[in-house]
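Undergrad: For reference, the structure I am asking about is given below.
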Amino acid sequence: MPSRFERRKSGSERNCRRPKSSVIPAKAGIQKVRLKISWIPAFAGMTDSSLRNSDSDAAGYDLPVHSNLLSILLLLSAAVGAVALVRRFRLPSMLAYLTIGMALGPHGLALLSGNAEVNSFAEFGVVFLMFSIGLEFSLKRLLAMRTVVFGFGSAQMTLTALGTGLVTVLAYGQDWRSGIAVGLAVAMSSTAIVARMLSDRFELHSRSGRQTMGVLLFQDLAVVPCLILLPALAASPDELLRSLAIAAAQAVAALALLVWLGKQLLVRIFDAVAKVRSNELLVLTTLWIVVGLSFLTAQSGLSLALGAFVGGMLISETVYRHHVEADIRPFRDILLGLFFVTIGMMLDLQYVLANAHRLVLAVALLIGGKAVVMLLITRVAKTPLVASLRSAAQLAQAGEFGLVLIELAHQLQLVSVSVFQITLAAMLLSMFIAPFLIERAARLSGDLGRGDWAHKATVIHNIAVRSLDLGGHVVICGYGRTGARIAEFLGIEGIPFIALDIDPQRIAEARAQGINVVFGNADRPEVLQAAGIGRASAVVVAYPDAHSAERVLRIVRRARPKIPIVVRTADDKDVARLKSAGATEVIPDVLESGLLIAAETLVQAGIPMERAIVHVRAARAERYVSLHDFYASTKK
């Protein structure tokens, strides 16, 4: 079986001959792409041939090296500007790299064009991404989430792939193998976009967040068989079953061998490296393992990414997991960014614009179809409407592994150029739309649910019953560790309170201890009214979500302009905004932890505890207006 590392055949030989093997090796890369700046000859006032024939070499001026350096400079300049811009709006960096490829590639401004070795490096971005997925793989986590992962995940992948496959076959006139390839690619959603947004919004542990992350975890695992299946589908139809059997046997044998060898050797290798106490050697060892395992699977006729996944999975069971993950991240991010640039360069903007009507339809079908599929699955599982709507919006986009699969399908000639271009454009557009769709869905729904009136009425009734006998109480928004500590202190002082939270398990545990915690989203006006803010003596926002806290502040201030409101935030950057929204005091986590660490450092350095406390009090007096007079009096 020809390996991707063997010498390539001549052009005519490649065009006339098909690999004899029934299984075509999976490749994450497409064609090797060369970066060439088309305006260099114009800038020099010469043609390419005149440049080559010039006497610049005699002057010690290496034009090919100079050209490559300018290419790298252009790419880095665009990357710095684009990534800074998208991060300013809290969007994934992947969108910046895709935009760079589309704008500067051969179908855009044509500043980056031609053929070279770039994809040989770019595909290793996918390799390191799969290695990171392997590092995050946890059998315990998989078993804990098995219902969501294998139930919701398998249903979402199957229904989406089948639906997309039917559209590809019936609407685009492709054969069934093309339908499967496009269906599997479209079924993938973006872990990079969704996981980051859920983390930023503190929704990872909400009901919709758990469902979404379970489906994404299944999709990540499904990439491995997909990378095996697509090359088998590209074989001759007469030998399809044989090809699938061979591919499956190769995969099982290679994986079994790698896992067995890995368990025997990896821990010993890392133990030996750790004894040297060289971070450089540890990084080199990790790179050696990733590239080595990728090479072995490629030589076995499988994909590079599969070997990297196995390596990550094996290391995840060792004590070196977190150290390795931190060391590998810079390589992964940069090479993966380069991969997304090459993906953007493949998009033929002229063709897409000429077929805009087909693109609009494709985007609508992709986003709408995936949303409907997830909505149906969650509703059949008796998930509340609001959580179902959020999960549907969170998964209604294509993903980074979908781009890998559609690229592979195109390289294996499973899909035509027209289908590839429209599908790729629709996938990219859905990824650009995803952050805004998720944000909009969160604003329109909320955990009480717009339109889910029966559930809403029940929640409001439960909150009202719990707060009915309270007066002069404190409303605690969020019952995590901080909220629980606040409730403990209030209880000691005999001050009544009611706490609002959206985690059913946390609420159940608190109620079992006799603590007054109820289900409700604190940034909803009706919830706060039911919690009795009209009779309350104070409000505390105990979770560090600045966006939600700002909504709580505006709701409370409309009803009670003078009531004290204490707000927790992660750091100082949101303090001014929350103060202007009406917060009486804003407590940054980073400030308080910094003060405690500073005080402990002084004590350990030999400074008396009393003097260390004086410094802490001075910092707090300067920072917190409400404590200024107290600390000033104690100072006297």
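The values are calculated or read from the model by the stated rules, or taken from the named source; none is laboratory data. Model, not experiment: these values are computed from the prediction. Here the Cβ is made from the backbone with ideal geometry for all residues, glycine too, and neighbour counts use every protein chain on show. Keep in mind that these areas ignore ligands, DNA and RNA; they rest on the heavy atoms of the full protein, side chains included. Shrake-Rupley method; radii C 1.70, N 1.55, O 1.52, S 1.80 Å.
Undergrad: What is the residue count in the range 477-510 for residues that are in contact with a Phe, Trp or Tyr (Cβ under 7 Å, 6 or more places away or on another chain), modelled with pLDDT of 90 or more and surrounded by fewer than 19 Cβ atoms within 10 Å (Cβ to Cβ)?
TA: Summing the residues that are in contact with a Phe, Trp or Tyr (Cβ under 7 Å, 6 or more places away or on another chain), modelled with pLDDT of 90 or more and surrounded by fewer than 19 Cβ atoms within 10 Å (Cβ to Cβ) in the range 477-510 gives 1.
Undergrad: Sticking with this one: Sort out which residues of the range 480-522 are farther than 15 Å from Val539 by Cβ and among the small types (Gly, Ala, Ser), and write them in order of number.
TA: Across the range 480-522, the qualifying residues are Gly480, Ala484, Gly491, Gly494, Ala508, Ala510, Ala512, Gly514.
Undergrad: Any idea which of Arg611, Arg577 is open to solvent by 40 Å² or more (accessible area, probe 1.4 Å) and touching a Leu at 6+ places or on another chain (Cβ under 9 Å)?
TA: Values: Arg577 fails: touching a Leu at 6+ places or on another chain (Cβ under 9 Å).
The unique qualifying residue is Arg611.
Undergrad: Of everything in the range 580-592 that's among the hydrophobic types (A, V, I, L, M, F, W, C) and in contact with an Asp or Glu (Cβ under 6 Å, 6 or more places away or on another chain), which residue is surrounded by the most Cβ atoms within 10 Å (Cβ to Cβ)? Quick ask: steps written out before the conclusion?
TA: Going through the range 580-592, the residues among the hydrophobic types (A, V, I, L, M, F, W, C) turn out to be 581, 583, 586-587, 590-591.
Narrowing the set further to residues that are in contact with an Asp or Glu (Cβ under 6 Å, 6 or more places away or on another chain) leaves 581, 590.
Details: Ala581: 20, Val590: 12.
The residue in question is Ala581.
Undergrad: Among the residues of the range 157-196, write down those that are open to solvent by 10 Å² or more (accessible area, probe 1.4 Å), among the polar types (S, T, N, Q) and more than 18 Å from Leu375 (Cβ to Cβ).
TA: Those that are open to solvent by 10 Å² or more (accessible area, probe 1.4 Å), among the polar types (S, T, N, Q) and more than 18 Å from Leu375 (Cβ to Cβ): Gln174, Thr191.
Undergrad: Checking the condition over 20 Å from the mean Cα position of the chain (by Cα), closer than 23 Å to Ile100 by Cβ and of a type in the set (S, T, N, Q), which residue from Gln350, Gln264, Gln299 passes? Lay out the reasoning, then the answer.
TA: Working: Gln264 fails: closer than 23 Å to Ile100 by Cβ; Gln299 fails: closer than 23 Å to Ile100 by Cβ.
Criteria check complete, one pass: Gln350.
Undergrad: Is it the case that some residue within the range 384-395 is of a type in the set (D, E, K, R) and either modelled with pLDDT under 85 or under 30 Å from Pro504 (Cβ atoms) (or both)?
TA: Keep residues of the range 384-395 that are of a type in the set (D, E, K, R), which gives 390.
Keeping just the survivors that are either modelled with pLDDT under 85 or under 30 Å from Pro504 (Cβ atoms) (or both) gives 390.
Within the range 384-395, one or more residues are of a type in the set (D, E, K, R) and either modelled with pLDDT under 85 or under 30 Å from Pro504 (Cβ atoms) (or both).
Undergrad: Go through the range 292-324 and report how many residues are assigned to a helix (DSSP H, G or I) and free of Cβ contacts under 8 Å to residues at least 24 places away in the same chain. Full working, then the answer.
TA: Filtering the range 292-324 for residues assigned to a helix (DSSP H, G or I) gives 292-299, 304-315, 321-324.
Filter again for free of Cβ contacts under 8 Å to residues at least 24 places away in the same chain, leaving 292, 322.
Summing the residues that are assigned to a helix (DSSP H, G or I) and free of Cβ contacts under 8 Å to residues at least 24 places away in the same chain in the range 292-324 gives 2.
Undergrad: Right, here's the next one. Hey, can you tell me all the residues within the range 464-484 that are in a loop (DSSP other than H, G, I, E, B), of a type outside the set (Ser, Thr, Tyr), out of contact with any Ser or Thr (no Cβ under 7 Å at 6 or more places or on another chain) and within 13 Å of Phe497 (Cβ to Cβ)? I'd like the intermediate steps shown before the answer.
TA: Looking only at the range 464-484, we keep the residues that are in a loop (DSSP other than H, G, I, E, B), and these are 468-473, 478-480.
Next cut, of a type outside the set (Ser, Thr, Tyr) only: 468-473, 478, 480.
Subset that is out of contact with any Ser or Thr (no Cβ under 7 Å at 6 or more places or on another chain): 468-471, 478, 480.
If the condition is that a residue be in a loop (DSSP other than H, G, I, E, B), of a type outside the set (Ser, Thr, Tyr), out of contact with any Ser or Thr (no Cβ under 7 Å at 6 or more places or on another chain) and within 13 Å of Phe497 (Cβ to Cβ), then Asp469, Leu470, Gly471, Gly478 are the ones that fit.
Undergrad: Take the residues of the range 129-156 that are modelled with pLDDT of 85 or more and buried (at least 22 other Cβ atoms within 10 Å of the Cβ): which is farthest from Gln421 (Cα to Cα)? Step through it out loud before you land on a result.
TA: If we filter the range 129-156 for residues that are modelled with pLDDT of 85 or more, which is where we start, we get 150-156.
From what is left, the residues that are buried (at least 22 other Cβ atoms within 10 Å of the Cβ) are 152-153, 156.
On the way: Phe152: 30, Gly153: 27, Gln156: 24 Å.
The extreme case among them is Phe152.
Undergrad: Since Ala362 meets every condition but one in (1) more than 18 Å from Val419 (Cβ to Cβ); (2) over 21 Å from the mean Cα position of the chain (by Cα), which condition does it not meet?
TA: Tallying (1) more than 18 Å from Val419 (Cβ to Cβ); (2) over 21 Å from the mean Cα position of the chain (by Cα), Ala362 fails exactly one: (1).
Undergrad: So, in the range 422-466, of the ones that are among the polar types (S, T, N, Q) and at pLDDT below 85, which residue ends up surrounded by the most Cβ atoms within 10 Å (Cβ to Cβ)? Walk me through how you get there before you give the answer.
TA: So the first thing to find is which residues in the range 422-466 are among the polar types (S, T, N, Q), and the list is 423, 430, 445, 458, 462.
Subset that is at pLDDT below 85: 445, 458, 462.
Details: Ser445: 21, Thr458: 13, Asn462: 14.
Restricting to residues being among the polar types (S, T, N, Q) and at pLDDT below 85, the top hit is Ser445.
Undergrad: In the range 410-421, what residues are surrounded by fewer than 21 Cβ atoms within 10 Å (Cβ to Cβ) and part of a helix (DSSP H, G or I)?
TA: Gln411, Val417, Ser418
Undergrad: For the structure I just gave you, tell me whether Arg332 is among the basic types (Lys, Arg), within 30 Å of Leu230 (Cα to Cα) and in a helix (DSSP H, G or I). I'd like the intermediate steps shown before the answer.
TA: Working: among the basic types (Lys, Arg): yes; within 30 Å of Leu230 (Cα to Cα): yes; in a helix (DSSP H, G or I): yes.
It is true that Arg332 is among the basic types (Lys, Arg), within 30 Å of Leu230 (Cα to Cα) and in a helix (DSSP H, G or I).
Undergrad: So how many residues does the range 500-534 have that are touching a residue at least 24 places away in the same chain (Cβ under 8 Å) and assigned to a strand (DSSP E or B)? Walk me through it before giving the result.
TA: Residues of the range 500-534 that are touching a residue at least 24 places away in the same chain (Cβ under 8 Å), as a first pass: 500, 502-504, 506-507, 510, 515-534.
If we keep only those that are assigned to a strand (DSSP E or B) as well, we get 500, 517-519.
Residues flagged as touching a residue at least 24 places away in the same chain (Cβ under 8 Å) and assigned to a strand (DSSP E or B) within the range 500-534 amount to 4.
Undergrad: Is it the case that Glu325 is open to solvent by less than 60 Å² (accessible area, probe 1.4 Å) and of a type outside the set (A, V, I, L, M)?
TA: On the way: open to solvent by less than 60 Å² (accessible area, probe 1.4 Å): yes; of a type outside the set (A, V, I, L, M): yes.
Yes, satisfied.
Undergrad: What's the number of the only condition in (1) of a type outside the set (Val, Ile, Thr); (2) over 30 Å from the mean Cα position of the chain (by Cα); (3) open to solvent by 10 Å² or more (accessible area, probe 1.4 Å) that Ala235 fails to meet?
TA: (3)
Undergrad: Another question, if that's okay. Of the residues in the range 488-507, how many are of a type in the set (Val, Ile, Thr), under 21 Å from Pro525 (Cβ atoms) and out of contact with any Asp or Glu (no Cβ under 9 Å at 6 or more places or on another chain)?
TA: Residues flagged as of a type in the set (Val, Ile, Thr), under 21 Å from Pro525 (Cβ atoms) and out of contact with any Asp or Glu (no Cβ under 9 Å at 6 or more places or on another chain) within the range 488-507 amount to 1.
Undergrad: May I ask you to list the residues in the range 267-296 that are under 26 Å from the mean Cα position of the chain (by Cα) and among the hydroxyl-bearing types (Ser, Thr, Tyr)?
TA: Within the range 267-296, Thr286, Ser294 qualify.
Condition check ((1) modelled with pLDDT of 85 or more; (2) in contact with a Leu (Cβ under 7 Å, 6 or more places away or on another chain); (3) open to solvent by 10 Å² or more (accessible area, probe 1.4 Å); (4) of a type in the set (D, E, K, R)) across all residues:
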residue: Asp348; (1), (2), (3), (4): no, no, yes, yes
residue: Val372; (1), (2), (3), (4): yes, no, yes, no
residue: Ile377; (1), (2), (3), (4): yes, no, yes, no
residue: Gly399; (1), (2), (3), (4): yes, no, no, no
residue: Leu408; (1), (2), (3), (4): yes, yes, no, no
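Undergrad: Something else now. Yes or no: Val567 assigned to a helix (DSSP H, G or I), open to solvent by less than 60 Å² (accessible area, probe 1.4 Å), in contact with a strand residue (DSSP E or B) (Cβ under 8 Å, 6 or more places away or on another chain) and within 17 Å of Gly483 (Cβ to Cβ)? Let's see the steps before the verdict.
TA: On the way: assigned to a helix (DSSP H, G or I): no; open to solvent by less than 60 Å² (accessible area, probe 1.4 Å): yes; in contact with a strand residue (DSSP E or B) (Cβ under 8 Å, 6 or more places away or on another chain): yes; within 17 Å of Gly483 (Cβ to Cβ): yes.
Answer is no for this residue.
Undergrad: Kindly indicate whether Arg558 is farther than 20 Å from Pro496 by Cα and open to solvent by 50 Å² or more (accessible area, probe 1.4 Å).
TA: When the stated conditions are applied, Arg558 passes them.
Undergrad: Do any helices (runs of 4 or more DSSP H) lying entirely in the range 149-226 carry at least 2 residues that are within 21 Å of Ser93 (Cβ to Cβ) and in contact with a helix residue (DSSP H, G or I) (Cβ under 7 Å, 6 or more places away or on another chain), and which ones are they?
TA: Values: elements: 153-172, 176-187, 191-200.
Where helices (runs of 4 or more DSSP H) fall fully within the range 149-226 and carry at least 2 residues being within 21 Å of Ser93 (Cβ to Cβ) and in contact with a helix residue (DSSP H, G or I) (Cβ under 7 Å, 6 or more places away or on another chain), they are 191-200.
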